[in-house]
Amino acid sequence: MKIAIIGTGYVGLVTGTCFAETGNEVICVDIDSAKVSRMQNGEIPIYEPGLKVLFDRNIEEGRLKFTTSLKEGIKDAEIIFLALPTPPGEDGSADLKYILGVAQDLGPILENYVVIVDKSTVPVGTAEKVRLAIQKNTTVQFDVVSNPEFLREGVAVDDFMKPERVVVGTTSERAKRVIENLYAPLVRQGNPVIFMDERSAEMTKYAANSFLAMKITFMNEIANLCEKVGANVDDIRKGIGTDSRIGKRFLFAGIGYGGSCFPKDVQALAKTADDYGYDFKTLKSIMAVNGVQKTKLIPILEDYFNGELEGKTIAVWGLAFKPYTDDIRDAPALENIRKLISAGANVTVYDPEAMENVKRIFPQITYCHTAYAALDEADALMIFTEWPQFRTPDFEKMSRLLKEKVIFDGRNLYELNLMREQGFNYFSIGRDSVHFTEFA
C-alpha cells in the first residue's frame, strides 16, 4: 500500500518506519524542513531502541521517504495517518489546532478515495470534526477512522510489530477492509483487530492510559501508607500482583508517572468529563496524588540535612521519565531539580540519553559523562529513573566518591538488606529507611 504519515514525532516516525518494514511505500510529511533534511540524510531525530536499524534499511530500500510538501506526500496514498501533536491547553483539554489545520488543508488536494486515520490521541468526537473540516473543501469520497496508538516508549518497535491488539473506530465497511489488509501482516498470530465506532475507539485510548495511571497512583498511595504502618510495599506488590484479576504490571511504587501520555491523557479525560457535566472524582484524585508524589523525597532530603540545602551538591541519576528513552516530558526529575536549585543546591546529573534535552531547560547545572562522575564530591545521590545500569553499581566506588553515603531512591532500585550491608543511609518509597547517621 501507499501510505502518507503526517507528522514525524514519536508516533509518526515509529508508525511510518514500521509500516515501511512490512513492505508498504511510506512518505512522511513534516513542516520542519531542517528535520526533514536530516531524516533524508539518514539522521533519526528520536531515540528508540531498534528503530534506527529499520529506519536505515527502509530508506536504503526506497520504501521510506520524507517531504515537507503535503500535496506531494499524499499523492496516490490509499491511507493518510494524522500523527500530529495534541498538547494540553491551559484548561487541560487536548489542543486540536494541528489536526484540524491539516484536515482543512487536505480537502482541496484529495484526488481519489482515501482512508484518513487519526493516530494521535484525541478527545471523543474528533473524528467527526476532522470529517467536517475535510468535507468543506472537497467532493472526493473519503472515510475518517480512529486508530489510537498503544506504543510504550523504549519498546515501541516491538509493540508496533507485535501488537497485543489493534483498536479501530469506523462504521464504514470500505474503510474496515482497507485497515484489515494493512494490519494483516502484524496480527498473523491471532492478536485481535477490534472494530468499534469512532467515539468508542477515541475513548478506549483515554480509558486505557487513565486506568494504568490509576494503578500506579494507587500503589503510590499504598506505599505512603506503608511508611506510616511499617509495611513493605514491595512485598505487598508481590502479594497482590499474583492475583490474576489484578496482574503484575504497573504496581511498582515510586515518585509518580510522567511522559508524553499519562499526564496529558488523564488531564484530557477529566476535561472531557467536565465538558459533559460529569464529576470524575477518580481522575482528579489521580492528578492530585501524582503531583505531590513526584517531589516526595525532597522533604526527606531537607530533613537529612537539617533543612539546609544551600551549597550542598546533590547528584542525580536519571532524567528521562522512564528508561530506554530520551523523553523528558513531565519527567519527575525536572520538578525535583527545580526544587533543588530553588533551595540553593548545586546539581550534578547523569542520564544515558536525556541530558541534551534537559540542557535546554537547566543550562546552569553540571552534566557528567558517567554516573560515577556525577557522584564526585556530592553530598547525596538522588535516583529518578530506573535505568538498568543503575541497578548493580560499584558501591565501594560510590562510597569513595560521595561525601556522605546517602541515597534517596525514587525508584526502589536496591534491597534494604544490601544497603545495610554496604553501610548506606537509604531512603526509598513505601519501605523502611536504612539509617547509619542520625538526622533531624
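Within region 38-77, the only residue that satisfies the criterion of being within 18 Å of Leu151 (Cα to Cα), aromatic (Phe, Trp, Tyr) and in contact with a helix residue (DSSP H, G or I) (Cβ under 9 Å, 6 or more places away or on another chain) is Phe55. Taking region 261-287 only, how many residues are within 18 Å of Gly89 (Cα to Cα) and loosely packed, with under 14 Cβ neighbours inside 10 Å? Result for region 261-287: 2.
Taking residues in region 239-258 that are within 18 Å of Thr385 (Cβ to Cβ), and partners anywhere that are loosely packed, with under 14 Cβ neighbours inside 10 Å and modelled with pLDDT of 95 or more, the pairs with Cβ atoms closer than 8 Å and at least 6 places apart or on different chains are Gly256/Gly291. Among the residues of region 404-425, those identified as touching a strand residue (DSSP E or B) at 6+ places or on another chain (Cβ under 8 Å) and either more than 18 Å from Lys294 (Cα to Cα) or in a loop (DSSP other than H, G, I, E, B) (or both) are Glu404, Lys405, Val406, Gly410, Arg411, Leu413, Tyr414, Leu416, Met419, Arg420, Phe424, Asn425.
Among the residues making up region 5-32, those that are free of Cβ contacts under 8 Å to residues at least 60 places away in the same chain and over 15 Å from Lys65 (Cβ atoms) are Ile31, Asp32.
Taken over region 183-200, the criterion of being among the charged types (D, E, K, R) and closer than 13 Å to Asn147 by Cα is satisfied by Asp197, Glu198, Arg199.
Taking (1) assigned to a helix (DSSP H, G or I); (2) touching a helix residue (DSSP H, G or I) at 6+ places or on another chain (Cβ under 7 Å); (3) farther than 30 Å from Gly9 by Cα in turn, Ala315 satisfies each apart from (1).
Summed over region 367-403, the residues that are farther than 22 Å from Ala320 by Cα and assigned to a loop (DSSP other than H, G, I, E, B) give a count of 5.
Scoring Pro185 on the criteria (1) farther than 30 Å from Pro332 by Cβ; (2) touching a Ser or Thr at 6+ places or on another chain (Cβ under 7 Å); (3) buried (at least 18 other Cβ atoms within 10 Å of the Cβ) leaves a single failure, condition (3). Scanning region 37-54 for residues that are in contact (Cβ under 8 Å) with a residue 40 or more places away in the chain and among the hydrophobic types (A, V, I, L, M, F, W, C), we see that the one that is surrounded by the fewest Cβ atoms within 10 Å (Cβ to Cβ) is Ile46.
Taking region 406-432 only, how many residues are in contact (Cβ under 8 Å) with a residue 40 or more places away in the chain and among the small types (Gly, Ala, Ser)? So the answer is 2. Scanning region 247-276 for residues that are part of a helix (DSSP H, G or I), out of contact with any Phe, Trp or Tyr (no Cβ under 6 Å at 6 or more places or on another chain), over 26 Å from Ala223 (Cα atoms) and not basic (Lys, Arg) yields Ala268, Thr272, Asp274, Asp275. Of all residues in region 48-94, those satisfying the criterion of being outside any loop (DSSP other than H, G, I, E, B), more than 21 Å from Asp32 (Cβ to Cβ) and among the charged types (D, E, K, R) are Arg57, Glu60. Of the residues making up region 293-308, those that are touching a residue at least 24 places away in the same chain (Cβ under 8 Å) and assigned to a helix (DSSP H, G or I) number 8.
Filtered by the rule that a residue be within 33 Å of the chain's Cα centre (by Cα) and surrounded by fewer than 18 Cβ atoms within 10 Å (Cβ to Cβ), region 100-115 gives Gly101, Gln104, Asp105, Gly107.
Matching residues to (1) modelled with pLDDT of 95 or more; (2) within 22 Å of the chain's Cα centre (by Cα); (3) among the acidic types (Asp, Glu):
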site: Ile216; (1), (2), (3): yes, yes, no
site: Lys228; (1), (2), (3): yes, no, no
site: Asp234; (1), (2), (3): yes, no, yes
site: Ile240; (1), (2), (3): yes, no, no
site: Ser244; (1), (2), (3): yes, no, no
site: Phe252; (1), (2), (3): yes, yes, no
site: Tyr257; (1), (2), (3): yes, yes, no
site: Cys261; (1), (2), (3): no, yes, no
site: Ala268; (1), (2), (3): no, yes, no
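The values are calculated or read from the model by the stated rules, or taken from the named source; none is laboratory data. Everything numeric in this text was worked out from a predicted model, so none of it was measured. Neighbour counts run over all protein chains shown; Cβ positions are idealised from the backbone, glycine included.
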